[in-house]
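The values are calculated or read from the model by the stated rules, or taken from the named source; none is laboratory data. Computed from a predicted structure; not experimentally measured. In this analysis, Cβ positions are derived from the backbone assuming ideal geometry, glycine residues included, and neighbour counts consider all displayed protein chains. Just so you know, the surface numbers come from the protein's heavy atoms only, side chains and all, with ligands and any DNA or RNA stripped out. Shrake-Rupley method; radii C 1.70, N 1.55, O 1.52, S 1.80 Å.
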Amino acid sequence: MRFATRAIHAGQDPDPATGATIVPIYQTSTYTQSAVGQHKGFDYSRTVNPTRLALEAQLAALEDGAYCSAFASGMAATAAILNLLSAGDHVVASDDMYGGTYRLFSRVLSRYGLDFTYVDMSNSNAIHSAVRPNTKLYWLETPTNPLLKLVDIAKVCALRTPGQIVAVDNTFATPFFQRPLSLGADIVMHSTTKYICGHSDSIGGATISNNSELAELLKFHQNAVGGVPGPMDAYLTMRGAKTLALRMRKHAENAQVIARFLVTHDEVERVYYPGLDTHPQHELAKRQMSGFGGMLSFTLRGPASRALDFAKSMKYFSLAESLGGVESLVCHPGRMTHGAIPKEDRDARGVTDGLLRLSVGIEDIEDLIEDLQIALARTAQDPVVRH
Ligand code: P1T
């Protein structure tokens with residue numbers, strides 16, 4: 001089965017009880033047993049739920065994985081992966097990543113005796129020199145949020161020694177454009193809140209793996225810790241994921257046009273998009289991904305405060321956190337999604353106060369370009385552009 005067919009058919013068998021073509025929302029916490037321990041494979045919905053099972057089968061198939069555990073959020077999925085570690089273990093992580101992941105690592109898990117080293121993972125020498133005898137996990141986000149840096153997944157996997165785990169947050173690329181398991185990763189993680197659901201109406205996460213031992217442990221933690229999605233959210237995510245292929249093509253097509261428009265505009269200082277041949281890792285992007293995605297970031301000429309004015313002057317790009325929905329969003333990472341990172345650290349990593357991030361939706365591209373043109377003119381430094 002090819003990708004778009006898998007998205008529509010994997011895990012989507014007719015309901016065994018009724019023949020319903022669409023997987024029902026099994027809105028139940030528990031299941032009646034005919035005698036103690038005698039049931040149809042379902043005993044309690046934190047442990048197992050038919051709607052969630054269908055979503056897990058669908059997501060595993062999309063990532064070319066054998067096993068999936070669905071979670072209540074991307075953060076819950078990340079936490080479950082970190083639950084595989086023990087006090088005293090060390091993690092090598094990207095210095096550019098979602099601010100909430102950094103907050104979980106630095107303010108929660110470091111209190112539990114885990115050690116983190118943050119490096120520029122676009123540089124494999126830097127990764128190599130960060131490794132310690134107790135390194136247990138490589139945490140990769142690629143492309144990174146919000147600077148769209150790439151990490152060479154196969155190269156990191158080649159560094160891995162027995163007992164070490166390579167986990168990839170594949171939220172930005174989605175399995176439509178990038179399959180980390182086929183590049184050697186042990187675990188793929190998703191915030192399904194984003195492209196996989198695709199309609200900004202549900203929060204969710206997932207872990208996917210081909211390693212039965214790791215998958216068993218992740219399932220154990222899914223149940224033991226309990227960060228599971230409800231059946232309604234599982235259903236919404238599954239429904240959204242059916243159109244992932246169609247949506248991703250359009251997200252990437254629109255983002256490429258916008259990146260080209262911005263990179264040639266006099267009022268724009270710098271554009272971060274892996275689909276531009278000026279992106280320092282464009283060659284890796286072409287090799288590792290089958291498309292460049294719908295996320296891009298940029299800085300404007302002039303004072304950093306201009307970014308704040310720009311962000312609020314748009315019509316179709318809603319000023320909002322999150323990404324990956326059909327509607328376009330603009331965000332100021334420094335004040336919004338990455339506000340949990342101290343300012344000095346943000347500045348050192350390039351997440352400056354002048355940086356803006358776009359989640360390019362699937363609206364008509366002419367409307368999106370017009371929206372950008374108007375906001376650029378409204379906030380222009382150059383009076384000729386302004387009028
Ligand atoms: O929000 P949640 O579903 O818990 O997912 C967290 C998460 C994990 N990984 C990446 C790469 C992410 O971008 C996110 C969430 N990010 C945003 C809310 C954002 O606007 O960047």
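Exactly one of (1) buried (at least 22 other Cβ atoms within 10 Å of the Cβ); (2) out of contact with any Phe, Trp or Tyr (no Cβ under 7 Å at 6 or more places or on another chain); (3) over 18 Å from residue 185 (Cβ atoms) is unmet by residue 68. Its number?
(3)
Of everything in the range 313-324, what is of a type in the set (Gly, Ala, Ser) and not in a loop (DSSP other than H, G, I, E, B)? Give them in sequence order.
Correct list: 318 only.
Output yes when any residue across the range 24-47 is open to solvent by less than 70 Å² (accessible area, probe 1.4 Å), out of contact with any His (no Cβ under 9 Å at 6 or more places or on another chain) and in a strand (DSSP E or B), and no when none is.
Checked against the condition, which is being open to solvent by less than 70 Å² (accessible area, probe 1.4 Å), out of contact with any His (no Cβ under 9 Å at 6 or more places or on another chain) and in a strand (DSSP E or B), the range 24-47 yields at least one hit.
Being open to solvent by 10 Å² or more (accessible area, probe 1.4 Å) and out of contact with any Cys (no Cβ under 9 Å at 6 or more places or on another chain) is the requirement here; does residue 198 meet it? Even if it seems obvious, please write down each step before you answer.
Details: open to solvent by 10 Å² or more (accessible area, probe 1.4 Å): no; out of contact with any Cys (no Cβ under 9 Å at 6 or more places or on another chain): yes.
So residue 198 fails the test.
Do you know which of the residues in the range 208-224 that are in a helix (DSSP H, G or I) and under 20 Å from the mean Cα position of the chain (by Cα) is farthest from residue 184 (Cα to Cα)?
Once the filter is applied, the top-ranked residue is 222.
Yes or no, residue by residue, for (1) farther than 26 Å from residue 236 by Cα; (2) away from the ligand (no atom under 16 Å from the Cβ):
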position: 70; (1), (2): no, no
position: 76; (1), (2): no, no
position: 80; (1), (2): no, no
position: 85; (1), (2): yes, yes
position: 101; (1), (2): no, no
position: 108; (1), (2): yes, no
position: 117; (1), (2): yes, yes
position: 124; (1), (2): yes, yes
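Please go through the range 156-180 and give me each residue that is within 16 Å of the ligand (Cβ to nearest atom) and in a loop (DSSP other than H, G, I, E, B), ordered by number.
Passing the criteria: 170, 171, 172, 173, 178.
Which one of 227, 205 is within 18 Å of residue 44 (Cβ to Cβ), within 11 Å of the ligand (Cβ to nearest atom) and either in contact (Cβ under 8 Å) with a residue 12 or more places away in the chain or over 13 Å from the mean Cα position of the chain (by Cα) (or both)?
227
Among the residues of the range 50-61, is any among the β-branched types (Val, Ile, Thr), surrounded by 20 or more Cβ atoms within 10 Å (Cβ to Cβ), assigned by TED's automatic domain parsing to the domain that holds residue 202 and in contact with a Pro (Cβ under 8 Å, 6 or more places away or on another chain)?
Within the range 50-61, one or more residues are among the β-branched types (Val, Ile, Thr), surrounded by 20 or more Cβ atoms within 10 Å (Cβ to Cβ), assigned by TED's automatic domain parsing to the domain that holds residue 202 and in contact with a Pro (Cβ under 8 Å, 6 or more places away or on another chain).
Checking the condition outside any strand (DSSP E or B) and free of Cβ contacts under 8 Å to residues at least 12 places away in the same chain, which residue from 366, 327 passes?
Only one candidate qualifies: 366.
For the list (1) open to solvent by less than 10 Å² (accessible area, probe 1.4 Å); (2) assigned to a strand (DSSP E or B); (3) more than 12 Å from the ligand (Cβ to nearest atom), I need the number of the one condition that residue 270 fails.
Failed condition: (1).
Residues 354, 334: which one is closer than 30 Å to residue 179 by Cα, buried (at least 16 other Cβ atoms within 10 Å of the Cβ) and touching a residue at least 12 places away in the same chain (Cβ under 8 Å)? Show your work before the answer.
Details: 354 fails: closer than 30 Å to residue 179 by Cα.
Residue meeting the stated conditions: 334.
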